[in-house]
Amino acid sequence: MTARFYVVGGAVRDALLGLPASDRDWVAVGATPQQLLDAGYKPVGKDFPVFIHPQTGEEVALARTERKTAPGYAGFTFHAAPEVTLEQDLARRDLTINAIAQAEDGSLIDPFGGQRDLASRVLRHVSEAFEEDPVRLLRVARFAARFTDFSVAPETQVLMRRMVDAGEVDALVPERVWQELSRGLMAARPSRMFELLRECGALARLLPELDRLWGVPQPPEHHPEIDTGLHQMLVLDQAAAFDAPLPVRYACLVHDLGKGSTPRDQWPRHLGHEGRSERLAAKLSERLRVPSDCRELGAVMAREHGNVHRSASLGAAALLRLLQRCDALRRPARFEQLLQACECDARGRGGREQTPYPQRARLQQVLQCALAVDAQAVVAGAQAAGASGVALGQAVQLAREAALQALLAALGESGTDT
């Protein structure tokens, strides 16, 4: 049997949508592992036969079928053999728009109507086997965040709800959840991912700290949108509009989690929510094994975003304490990410998307002023005057406060040090 090779999946989809070329994945029909090895391909697959093309470096997988054997995304056995057809291989894929193949001569093979759904802007499952793999639920939500003008087919939404009810989502491992969530966070409109997960009930199982924010009111004078869950989504979409990096988007996601644990008799005020938000963000980050850059910025954002918003009223000593709590003097780049996240928070409110956020530029100026103080020279001068130990640190502190006080005076400000 002569092997036939086809480009499959995202590369075909994106080309039909007129999007920039993505990495191409190939499927080989009518081939055996030995045939590919003899042709110089290098094996890399563990669960099923995947090979690397010796010249292009592209992945080539043998056509295969799969059978559900246990709960969760890993509960499958795969069968790869020369007699497996291209249509059988495409039938195991998640969405029709990802189940289009292109032959080496450029012709398209589309047994499940993927081109029709691309034209109609619909995310639709290929078959009932969709509900056997809970990762697919996350992938649909991620695609909804990326392809903002696509809708999810009603019958696919039914399957997603059924998967949640059957407990399939509970079998997902943290690493895979984070992999899909992080990609969705970096999409054009990340709010769509979380809204879709919420609609099918998956958000309550995967991120209950976030899910409980919907229906929690906030003071209307600060939050015209009122609902905390809606606010979180507006903030996320602001981060996407700024083309913010992943740590900023994650910080936006977790910054107000504590409002979900405010006692009802205290609504719509949320006194002390920053500390609760920091603790909940830490637990969420630990559970999903979130990378340290996202985890750390999320914690700082949860704890300090209110102080950043109020920073225009702070005096020199209070501003320096804010910088030190944020570790801004040692990590100025992360502090800049914090300021970007805070601006997203300020603009992520109904009707305030274009509201200026002068706190960001002011705190950038404050940080540069504090960094300009030559700490080594201050220490040397203090030592020459007979100071030692903690007095040396105090001397640097006072020098930085004096520099900030001079800056505020030059700006015509004073502020308070409470």
For segment 91-113, which residues satisfy the criterion of being modelled with pLDDT of 95 or more, under 16 Å from Y6 (Cα atoms) and part of a helix (DSSP H, G or I)? I97, N98
Give the residue that is farthest from D14 (Cα to Cα), with candidates limited to residues of segment 93-129 that are small (G, A, S) and touching a residue at least 12 places away in the same chain (Cβ under 8 Å). A129
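Mind listing whichever residues of segment 79-90 are within 14 Å of T32 (Cα to Cα) and either in a loop (DSSP other than H, G, I, E, B) or at pLDDT 90 or above (or both)? Before you say what the answer is, go through the steps one by one.
We begin by selecting, within segment 79-90, every residue within 14 Å of T32 (Cα to Cα); these are 79-85.
Listed by number, the residues that qualify are A81, P82, E83, V84, T85.
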Inside segment 21-66, can you point out the residues that are in a helix (DSSP H, G or I) and of a type in the set (A, V, I, L, M)? L36, L37
Here the residues within segment 248-290 that are buried (at least 23 other Cβ atoms within 10 Å of the Cβ) and of a type in the set (F, W, Y) are Y250
Scan segment 224-239 for residues that are touching a strand residue (DSSP E or B) at 6+ places or on another chain (Cβ under 9 Å) and in a helix (DSSP H, G or I) and jot them down. T228
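Could you tell me which of the residues A328, A341 is small (G, A, S) and in a helix (DSSP H, G or I)? Spell out the reasoning first.
Working: A328 fails: in a helix (DSSP H, G or I).
Answer to the selection: A341.
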Checklist (1) closer than 29 Å to F242 by Cα; (2) buried (at least 18 other Cβ atoms within 10 Å of the Cβ) applied to L404, failing item: (1)
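Determine whether V300 is of a type in the set (V, I, T) and not in a helix (DSSP H, G or I).
Numbers: of a type in the set (V, I, T): yes; not in a helix (DSSP H, G or I): no.
It is false that V300 is of a type in the set (V, I, T) and not in a helix (DSSP H, G or I).
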Give the residues of segment 114-123 that are charged (D, E, K, R) and outside any helix (DSSP H, G or I), sorted by residue number. R121
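Given the criterion of a type in the set (D, E, K, R), in a helix (DSSP H, G or I) and closer than 23 Å to L230 by Cα, identify the matching residue among R276, R269, R287.
Numbers: R269 fails: in a helix (DSSP H, G or I); R287 fails: closer than 23 Å to L230 by Cα.
Criteria check complete, one pass: R276.
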Taking the residues in segment 346-364 that are in a helix (DSSP H, G or I) and more than 19 Å from D227 (Cβ to Cβ) as candidates, determine which candidate is farthest from the chain's Cα centre (by Cα). R362
Here the residues within segment 258-298 that are β-branched (V, I, T) and more than 25 Å from S182 (Cβ to Cβ) are T262
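Could you tell me whether any residue of segment 355-362 is under 23 Å from P220 (Cα atoms), without any contact (Cβ under 8 Å) to a residue 40 or more places away in the chain and loosely packed, with under 13 Cβ neighbours inside 10 Å? Please lay out each step first, then the result.
Here is the first cut: in segment 355-362, the ones under 23 Å from P220 (Cα atoms) are 355-359.
The next check asks that each one be without any contact (Cβ under 8 Å) to a residue 40 or more places away in the chain; those that pass are 355-357.
This time we only want the ones that are loosely packed, with under 13 Cβ neighbours inside 10 Å, so: 355-356.
Yes, some residue in segment 355-362 is under 23 Å from P220 (Cα atoms), without any contact (Cβ under 8 Å) to a residue 40 or more places away in the chain and loosely packed, with under 13 Cβ neighbours inside 10 Å.
Per-residue answers, yes or no, for (1) in the same structural domain as L392 (by TED's automatic domain parsing); (2) closer than 18 Å to A302 by Cβ; (3) hydroxyl-bearing (S, T, Y):
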position: C326; (1), (2), (3): yes, yes, no
position: L329; (1), (2), (3): yes, no, no
position: L338; (1), (2), (3): yes, yes, no
position: A341; (1), (2), (3): yes, yes, no
position: E353; (1), (2), (3): yes, no, no
position: Y357; (1), (2), (3): yes, no, yes
position: R362; (1), (2), (3): yes, no, no
position: A372; (1), (2), (3): yes, no, no
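The values are calculated or read from the model by the stated rules, or taken from the named source; none is laboratory data. Note that the coordinates shown come from a computational prediction; the quantities given were computed from them, not determined experimentally. Because the Cβ atoms are built from the backbone with ideal geometry, glycine has one as well, and the counts that use them run over all protein chains shown.
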